[in-house]
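Asker: I have a structure I would like to understand better, so I am pasting it below and will then ask my questions one at a time.
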Amino acid sequence: MAQTQRILIVEDDDGIAAALVRALTAQGYDVDRAATGTRARAAVREAMPDLVLLDLGLPDSDGLDVCRSLTSDHAGLRVLVLTARVEEIDIVLGLDAGAIDYVTKPFRLAELLARIRAHLRVVSPAPGRDAEFAVGPLTLDPASRRVWLDGTEIGLRAKEFDLLAELMANAGSVVTREDLMSRVWDEQWFGSTKTLDVHVAHLRRKLGDRFGEMAGSNASASDIGIRITTLRGVGYRLDETPTE
Ligand code: CA
């Protein structure tokens, strides 16, 4: 790894925080800890971490609000949520909270470390994938990690970008759920694949919304010249669609 990756642990429980600091430091990460939401916001402003490990149960603020403000103030910031509040997972991964993943408490340290490794894996572009490429009205540049729809840039979060890149690289062909999970998330994926569907929904909405802004209120996602087709239980396919 070329550069030490920085992780910010946001956890008020001293025992859990100490164990996490110890384990992550032993893995070679540069680790900071914040015990409150306020401190977490300040810590991210001071030194941008590569990943934030965020406990939702904080003494001074609602962890969900902290998650929302971190991901909206810092585009592309990866937040992995620790939560005992299973009923809030949809919200955690939802558009406005914007976490990339979650681990439920109580968690196994090995599982948490594997997830963190997966999210911080240094992705080296496959041969021929370092050049900008286009499908219909979409253009994607892997080097700068930017995406344009009809020349207008679209803001995507890290995993949304990786997912779109996979679909675009295989445009017209089905990419299986297993392949998407292993290429965009992790080879040793052991959790649910719900996060995949959530991210596809975000992508569809962002692409569709962008078109809606340009074309007025009657736009549908398929009018934009591309479509992400669901093959239930199998995977997803990005298609170029005819536009009038
Ligand atoms: Ca807590």
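The values are calculated or read from the model by the stated rules, or taken from the named source; none is laboratory data. Source: prediction; values computed, not measured. Note that each Cβ is placed from the backbone with ideal geometry, even for glycine, and that neighbours are counted across all protein chains shown.
Asker: Is it fair to say VAL66 is closer than 20 Å to GLY155 by Cα, buried (at least 22 other Cβ atoms within 10 Å of the Cβ), within 16 Å of the ligand (Cβ to nearest atom) and within 21 Å of the chain's Cα centre (by Cα)? So that I can check it myself, show each step before the final result.
Answerer: On the way: closer than 20 Å to GLY155 by Cα: no; buried (at least 22 other Cβ atoms within 10 Å of the Cβ): yes; within 16 Å of the ligand (Cβ to nearest atom): yes; within 21 Å of the chain's Cα centre (by Cα): yes.
Spelling it out, it is not the case that VAL66 is closer than 20 Å to GLY155 by Cα, buried (at least 22 other Cβ atoms within 10 Å of the Cβ), within 16 Å of the ligand (Cβ to nearest atom) and within 21 Å of the chain's Cα centre (by Cα).
Asker: If you don't mind, another one. For residues that are within 18 Å of ALA84 (Cβ to Cβ) and part of a strand (DSSP E or B), scanning just region 8-51, find the one that is farthest from the ligand (Cβ to nearest atom).
Answerer: That would be ILE9.
Asker: How about region 143-153: which of its residues are crowded, with 19+ Cβ neighbours inside 10 Å and modelled with pLDDT under 90?
Answerer: LEU149
Asker: Still on this structure, please answer the following. Could you check region 11-37 and list, in sequence order, the residues that are touching an Asp or Glu at 6+ places or on another chain (Cβ under 6 Å) and β-branched (Val, Ile, Thr)? Even if it seems obvious, please write down each step before you answer.
Answerer: Of the residues in region 11-37, the ones touching an Asp or Glu at 6+ places or on another chain (Cβ under 6 Å) are 11, 17, 35-37.
Result: THR36, single match.
Asker: Right, something else. How many of the residues in region 65-92 are over 18 Å from GLU111 (Cα atoms) and assigned to a helix (DSSP H, G or I)?
Answerer: Count: 14.
Asker: For region 180-236, which positions are modelled with pLDDT under 70, outside any helix (DSSP H, G or I) and more than 18 Å from the chain's Cα centre (by Cα)? Don't jump to the end; show me each part of the working.
Answerer: Keep residues of region 180-236 that are modelled with pLDDT under 70, which gives 186-192, 209-224.
If we keep only those that are outside any helix (DSSP H, G or I) as well, we get 186-192, 216-220.
Residues satisfying the conditions are GLY216, SER217, ASN218, ALA219, SER220.
Asker: Can you pull out every residue in region 57-73 that is of a type in the set (A, V, I, L, M, F, W, C) and farther than 12 Å from ALA40 by Cα?
Answerer: The answer is LEU64, and nothing else.
Asker: So, VAL79, is that one free of Cβ contacts under 8 Å to residues at least 40 places away in the same chain and within 16 Å of the ligand (Cβ to nearest atom) or not?
Answerer: Working: free of Cβ contacts under 8 Å to residues at least 40 places away in the same chain: yes; within 16 Å of the ligand (Cβ to nearest atom): yes.
So VAL79 passes the test.
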